[in-house]
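Down below is the structure, laid out as structure tokens.
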Amino acid sequence: SAAEHGDGATVARLLRAGAAVDAASLTGFTPLIVAAAGGHEAALDMLVAAGADVHAAHAEGVDALMYAAAGGHAGCVRRLLAAGADVRRTHLHGGTALMEAATAGSVACLEALAAAGAAVDAADRDGLTALLSAAEHGDGATVARLLRAGAAVDAASLTGFTPLIVAAAGGHEAALDM
């Protein structure tokens, strides 16, 4: 709970008292995952310094990096990458941290993940890519950043939808102008 709420003083006190840094909930949420999900950089730094496993994931295979990206917490993303988080990891449905950042519309997270070697054209089990997600949400800045990173504009989902189709169907002119 201390990591989830970004209570750095309590996190530090618990770590000094010998609390298990990777203690997980019944569904696999660790203090590092909840700190990353909340964007709590100080708590995250303390947990990493205490040896938290940056590769730990909950029951669906989602790790701290994916949660930080989904929340648009670029500082946490950069810290996790520096600590060795796997930028190419996929969860049980095939999604990646880059896809989570695109869905969140976080250009800062996208830039950090792309610079660390994230696959911009990775597709999940449904064939969805980060660019498809950004186009569907009408986020012109995210679409532009993914295109600059080399995302394939014509990549289609398993149902045949392309970024252009989903942007047009949603009336997202900012995404269409890219």
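Each residue of region 156-166 in turn: what ³J(HN,Hα) in whole Hz from Karplus with 6.51, -1.76, 1.60 and θ = phi - 60°, glycine and Pro shown as x?
The phi angles translate into 10, 6, 5, 8, x, 7, 10, x, 5, 4, 5 Hz.
Rolling a 1.4 Å sphere over the protein heavy atoms, what is the accessible area per residue of the chain, to the nearest Å²?
On the way: 8120 Å² over 178 residues.
Per-residue accessible area for the chain comes out at 46 Å².
Which value at 222 nm does the chain reach when only helices count, each DSSP H run of 4 or more adding -39,500 (n - 2.57), with the total divided by all residues and rounded to the nearest 500 deg cm²/dmol? Walk me through the numbers on the way to the answer.
On the way: 11 runs with 87 residues, N = 178.
That calculation yields -13000 deg cm²/dmol at 222 nm.
log10 I(q)/I(0), Debye, Cα-only the chain, no solvent, q = 0.11, 0.13, 0.14, 0.17 Å⁻¹?
Once normalised to I(0) and log-transformed, intensities are -0.47, -0.62, -0.70, -0.93.
For D126 and T159 in the same chain, what is the full-extension length gain: residue separation times 0.36 nm, less their Cα-Cα distance, in nm?
Working: separation 33, 0.36 × 33 = 11.88 nm, distance 0.79 nm.
Extra length from D126 to T159 when fully extended: 11.1 nm.
Please turn the phi angles of region 108-114 into ³J(HN,Hα) values with the Karplus equation 6.51 cos²θ - 1.76 cosθ + 1.60 (θ = phi - 60°), one per residue in order, whole Hz, x for glycine and proline.
Per-residue couplings from phi come out as 4, 5, 4, 5, 5, 5, 5 Hz.
Counting every Cα pair in region 43-117, what percent are over 16 Å apart? List each step's numbers first, then the result.
Values: 1107 of 2775 pairs.
Beyond 16 Å sits 40 percent of the P(r) for region 43-117.
Let me check I have the definition right: for region 80-175, take the eigenvalues of the Cα gyration tensor, multiply each by 5, take square roots. What are those semi-axes in whole Å, largest first? Present the calculation step by step, with values, prior to reporting the outcome.
On the way: eigenvalues 93, 44, 19 Å².
Working through the eigenvalues yields semi-axes of 22, 15, 10 Å.
The values are calculated or read from the model by the stated rules, or taken from the named source; none is laboratory data. Owing to the predicted nature of the structure, the values given are computational and were not obtained by experimental measurement. To get the accessible areas, we keep the full protein, side chains included, count just its heavy atoms, and leave off ligands, DNA and RNA. Shrake-Rupley method; radii C 1.70, N 1.55, O 1.52, S 1.80 Å.
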